[in-house]
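**Student:** I'd like to ask some things about the structure below.
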Amino acid sequence: MPLTLTTPPARQPVTLAEIKLHLKIDGPDEDTLLEHLLSAATRRVEFECSLAMITQGWRLLRDCWPRRGLLEIPIHPVRQVTEVKVLTSSGLVTVPQESYEADIHSRPARLRALPGFPPPAGGLNVVQVELLCGFGDDPADVPADLRQAVMLLAAHWHECREGREHIPPAVRDLITPWRRAAL
């Protein structure tokens, strides 16, 4: 089930000024490093929690429609299902919105095929779902505990440069409520 970023976020959930204040760094000498650390920490927290923090576009590909009729979307939060396409025996078809139902409020978000949904042909990646995900466009839209986790992880990597990539317990504690529970 390939999930591909199509439109990256326009900004990070933690600003350069915030991490510099947290680390008590004056001057621009480490700005490039800190921006890289913030980017890496953001990606790691998003990965660990299957989240998109700042608004971004994603594409979900599936080889078939699920037998029980509900397609689960493995990223949260989904703000909008922008398009659903299906490769049918007669070609690629854009599915009208009245042919599927989207539940973007649940975790995981789900799509249900309704009468009139075109049956996918056999093959790979025959269902394509375009998504708009994230808490919002601004860092203030991201929950404070997630922003804090990004800042603490970036600060940890700044202080511990020996190459270890573990997540410190304080960061793990902050992201645990956001991780999707496996039943």
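The values are calculated or read from the model by the stated rules, or taken from the named source; none is laboratory data. Because the structure is predicted, anything quoted here is derived from the model rather than measured. Glycine gets a Cβ as well: all are built from the backbone with ideal geometry, and neighbour counts include every protein chain shown.
Residues checked against (1) farther than 24 Å from ASN125 by Cβ; (2) modelled with pLDDT of 95 or more; (3) assigned to a loop (DSSP other than H, G, I, E, B):
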| residue | (1), (2), (3) |
| --- | --- |
| GLU35 | yes, yes, no |
| LEU38 | yes, yes, no |
| GLY57 | no, yes, no |
| PRO66 | no, no, yes |
| VAL81 | no, yes, no |
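**Student:** May I ask you to list the residues in the stretch 124-138 that are assigned to a loop (DSSP other than H, G, I, E, B) and more than 14 Å from the chain's Cα centre (by Cα)? Reasoning before the result, please.
**Tutor:** Applying the first criterion (assigned to a loop (DSSP other than H, G, I, E, B)) to the stretch 124-138 yields 124-126, 134-135, 137-138.
Of everything in the stretch 124-138, those that are assigned to a loop (DSSP other than H, G, I, E, B) and more than 14 Å from the chain's Cα centre (by Cα) turn out to be LEU124, ASN125, VAL126, ASP138.
**Student:** Which of (1) without any contact (Cβ under 8 Å) to a residue 60 or more places away in the chain; (2) farther than 18 Å from ARG67 by Cα is the odd one out, the single condition VAL86 does not satisfy?
**Tutor:** Status for VAL86: all satisfied but (2).
**Student:** Let me ask something else about it. Do we have ALA113 as surrounded by fewer than 20 Cβ atoms within 10 Å (Cβ to Cβ) and of a type outside the set (Val, Ile, Thr) here?
**Tutor:** On the way: surrounded by fewer than 20 Cβ atoms within 10 Å (Cβ to Cβ): no; of a type outside the set (Val, Ile, Thr): yes.
Taking the combined requirement at face value, the residue does not satisfy it.
**Student:** Taking the condition touching a residue at least 60 places away in the same chain (Cβ under 8 Å), among the acidic types (Asp, Glu), in a helix (DSSP H, G or I) and surrounded by fewer than 20 Cβ atoms within 10 Å (Cβ to Cβ), does GLU18 pass? First the steps, then the outcome.
**Tutor:** On the way: touching a residue at least 60 places away in the same chain (Cβ under 8 Å): yes; among the acidic types (Asp, Glu): yes; in a helix (DSSP H, G or I): yes; surrounded by fewer than 20 Cβ atoms within 10 Å (Cβ to Cβ): yes.
Considered against the rule, which asks whether it is touching a residue at least 60 places away in the same chain (Cβ under 8 Å), among the acidic types (Asp, Glu), in a helix (DSSP H, G or I) and surrounded by fewer than 20 Cβ atoms within 10 Å (Cβ to Cβ), GLU18 comes out as yes.
**Student:** Here is a further query. How many residues does the stretch 31-60 contain that are of a type outside the set (A, V, I, L, M), more than 20 Å from ILE73 (Cβ to Cβ) and in contact (Cβ under 8 Å) with a residue 60 or more places away in the chain? Can you show your working first?
**Tutor:** First pass over the stretch 31-60, keeping only residues of a type outside the set (A, V, I, L, M): 31-32, 35-36, 39, 42-44, 46-50, 55-59.
With more than 20 Å from ILE73 (Cβ to Cβ) added as a condition, the list becomes 31-32, 35-36, 39, 42, 44.
With the extra rule that they be in contact (Cβ under 8 Å) with a residue 60 or more places away in the chain, the set shrinks to 42, 44.
Within the stretch 31-60, residues that are of a type outside the set (A, V, I, L, M), more than 20 Å from ILE73 (Cβ to Cβ) and in contact (Cβ under 8 Å) with a residue 60 or more places away in the chain number 2.
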